[in-house]
Amino acid sequence: MGRVRDHNEDNLLLGEDMPLAVVSDGMGGHACGEVASEITVQSIAEYYKATSEDGGESWPFKMPQLHVERDRMATSIKLANERIFQAGVEDPSKKGMGCTVDAIFFSKGRIYVGHVGDSRVYRIRDGQITMLTEDHSLLNDYKRMKDMTLEEQENFAHKNVVVRALGLSDAVFVDTVVEEYQRDDLFLLCSDGLCGMLDDPTMLALSLRFNSLDTATTQLVKMANEAGGTDNITAVLVRVEAA
């Protein structure tokens, strides 16, 4: 929960029977953010299970696996968005609830990432950390329009404002990233409660310091709390042990 919030609006999924991981951050200050993030992880898991045996055969056109899996990822997140929005329509107490999402699926030598909001996915390879997603935030929009110093970024009054999220309308655009993975690649999925507290070099060092991923994620959360813990904190590490 961090050191400030009185409840946790984050949810996560680690697929036990499929190579799928999801992190979703319920939007603070909105109604039922934890409900939105729970709907998201459940919807994505259900969709992947429902389509796990299709093998692309149910798709109307013969397309390369890359396109099938990329569309599968985007569709799972759009389904989550539709369910969150509809829940808000049917129950006024849930109107306006929303969340971010980052999901990653591994298939035939590639990762398929789906992204909405300001949670992040990083790839750690050969001692280097690379952010694979782009924040859908007001701060990031400003950074595109003008050069901002680190001090200006830190003091930006609306840096926690998200400009794209699930549940805010009946449709959402999903960013997708497709990359080939390699043996020993490490992928970090996190809510902004982690990356908002720790810089990239710190997250890199902690992720690589321990052989146990459980220990590494525990230390990431601990350090984010020690740095202030101003938000809910979620960290998921996935390591490729065969390629």
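Scattering from the C-alpha atoms of the range 159-243 alone, worked out with Debye: what is log10 I(q)/I(0) at q = 0.13, 0.19, 0.25 1/Å?
With one equal scatterer per Cα and no solvent, log10 I(q)/I(0) is -0.53, -0.94, -1.18.
Among Met131, Met223, Met203, Met73, rank each residue by its count of other Cβ atoms within 10 Å, from fewest to most, as a rough exposure measure.
Met131, Met223, Met203, Met73
If we count other beta carbons within 10 Å of each Cβ, what is the order of Asp91, Asp185, Asp135, fewest first?
With the sparsest Cβ surroundings first, the list reads Asp91, Asp185, Asp135.
Every number in this text was worked out from the coordinates using simple rules, so none of it is lab data. From a predicted model like this one, the values you see are computed outputs, not experimental measurements. Glycine gets a Cβ as well: all are built from the backbone with ideal geometry, and neighbour counts include every protein chain shown.
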